[in-house]
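Read through the structure below, which is laid out as structure tokens, and then see the notes.
The values are calculated or read from the model by the stated rules, or taken from the named source; none is laboratory data. Please read these numbers as outputs of a predicted model, since none were measured by experiment. All Cβ positions, glycine included, derive from the backbone under ideal geometry; neighbour counts span all protein chains shown. All accessible areas refer to the heavy atoms of the entire protein, side chains included, with ligands and DNA or RNA removed. Shrake-Rupley method; radii C 1.70, N 1.55, O 1.52, S 1.80 Å.
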Amino acid sequence: MAQANNPISNDSLDRRWSLEGMTALVTGGTKGIGYAVVEELARLGAKVHTCARNEVLLNERLSQWKTKGFHQVTGSVCDLISKPQREELINKVSSLFNGKLNILINNVGTNILKPTTDYTDEDYSFLMGTNLESYYNMCQLAHPLLKASGAGNIVLISSIAGVISIGGSGSVYAATKGAINQLARYLACEWGKDKIRINSIAPGFIRTPLAEDILNNQTMLEAINSGTPLGRPGEPEEVSSLVAFLCLPAASYITGQTICIDGGMTVDGMSLRFQG
């Protein structure tokens, strides 16, 4: 009796859902979404290098990861608003991973909440430098390593503030996030020939240090919950699972997309307006 034809072996399935043997750089990996992404990628088998400005916190995290069994995670101190430090970081990664990189997660971000007419030139330069310029330049610097891997993948952490108007997000912050989404689209088209995929992820309100003040305000929290079909803020691990999926071979035909992960807020037809 002929056996049933099974064109997909278990080994093939395992490879599609594993990052074993791959290398990754996650910027800003000691807190919030970045921290969750480091653990998610390491759990799936990737060798991960991360960076942070705070050396004490970085060393604490590296110690915690070793205790958890993530011995393939390394880290270095880097302030990504500095171009020389970005270049030094990429040189470090190139040395660690023998000139090849499979995954770049651009995750750093900050905000200064002010009315548009109150932003100073310094505020504008700081937000643009941290949120947008660092992403752009990191993609440039990492391109040769990603291309050399033969299967490069970039995920840009954006925000729903770059997709819809969210009261209380700040106009400069929103502008950087909208630009990040467009950058993903453009690079996906330009670098597809180099076998590099680029996508952006637009989280809604996630329980991270950046959103802490908003989520600790009961009035704001109630407004967020009422404007979110799932009725709650998200957790960093819910974002990191999407990041990891986009990095997997199973997602090999997805590029140039901006994917909102927001509990349904952007499709609810409601633009949040916070008072005070």
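What ³J(HN,Hα) values, in whole Hz, does the Karplus curve 6.51 cos²θ - 1.76 cosθ + 1.60 give for region 110-120 when θ = phi - 60°, with x put for Gly and Pro?
Couplings: 8, 8, 10, 8, 8, x, 4, 5, 9, 5, 8 Hz.
Using amide H atoms built in the peptide plane, which far-off residues or other-chain residues are under 5 Å from H49 H to H?
A24, L25, V26, T74
What angle, in degrees between 0 and 90 and rounded to the nearest 10, separates the Cα long axis of helix 236-247 from the longest principal axis of the Cα atoms of the chain?
40 degrees
Quick one: which of 247-253, 262-268 comes out on top by average Cβ neighbours within 10 Å, and what's the full order, highest first?
262-268, 247-253
Go through region 79-85 residue by residue and turn each phi into a ³J(HN,Hα) via Karplus (6.51, -1.76, 1.60, θ = phi - 60°); whole Hz please, and just put x for glycine and proline.
Whole-Hz 3J(HN,Hα) from phi for region 79-85: 9, 6, 6, 9, 4, x, 6.
What length, rounded to one decimal in nm, is gained on full extension from L57 through to I254, with 0.36 nm per residue of separation minus their alpha-carbon distance?
Going from the current span to full extension adds 67.5 nm.
Where does the Debye-calculated log10 I(q)/I(0) of the chain sit at q = 0.07, 0.09, 0.10, 0.15 Å⁻¹, using only Cα point scatterers of equal weight, no solvent?
-0.26, -0.42, -0.52, -1.13
In whole Å, how far is the Cα centre of region 233-248 from that of region 25-82?
Computed from Cα coordinates, the inter-centre distance equals 16 Å.
Subtracting the Cα-Cα distance from 0.36 nm times the residue separation, let me have the gained length for W17 to R43 in nm, one decimal.
Gain on extension, W17 to R43, equals 8.2 nm.
For region 104-250, what is Rg from Cα atoms divided by 2.2 N^0.38 Å, rounded to two decimals?
This ratio for region 104-250 stands at 1.11.
Please list, in chain and number order, the residues 5+ apart from C260 or on another chain whose amide H is under 5 Å from its amide H, with Hs placed from the backbone.
Correct list: A202.
Show me 229-235, 97-103, 28-34 ranked by packing, highest mean number of other Cβ atoms within 10 Å first.
Most protected by this proxy first, the peptides run 28-34, 97-103, 229-235.
Could you state the principal axis extents of the C-alpha atoms in region 34-136, from the largest down, to the nearest angstrom?
Taking the Cα atoms of region 34-136, the three principal extents are 49, 27, 23 Å.
With a 1.4 Å probe and all protein chains left in place, how much of the accessible area of the chain comes from carbon and sulfur atoms, in whole percent?
Its accessible area is 52 percent carbon and sulfur atoms.
Assign one of three labels to region 123-164, namely rounded, prolate or oblate, based on the Cα gyration tensor with a ≥ b ≥ c the square roots of its eigenvalues; rounded applies when a/c is under 1.5, prolate when it is not and a/b is larger than b/c, and oblate otherwise.
Oblate is the answer for region 123-164, as a/c is 1.5 or above yet b/c matches or exceeds a/b.
Can you tell me the length gained on complete extension of the stretch K195 to Q182, counting 0.36 nm per residue apart and subtracting the Cα distance?
Here the segment from K195 to Q182 would lengthen by 2.8 nm.
Return the loop-located GluC sites (Glu not before Pro) in region 51-142 (DSSP other than H, G, I, E, B) with at most 13 other Cβ atoms within 10 Å of their own Cβ; answer none if there are none.
Of the GluC sites (Glu not before Pro), not one in the loops of region 51-142 has a Cβ with at most 13 other Cβ atoms within 10 Å.
What are the residues whose amide H is under 5 Å from the amide H of N153, where those residues sit 5 or more places off or on another chain and H is modelled from the backbone?
The list, which skips near neighbours in sequence, is I103, L104, R197.
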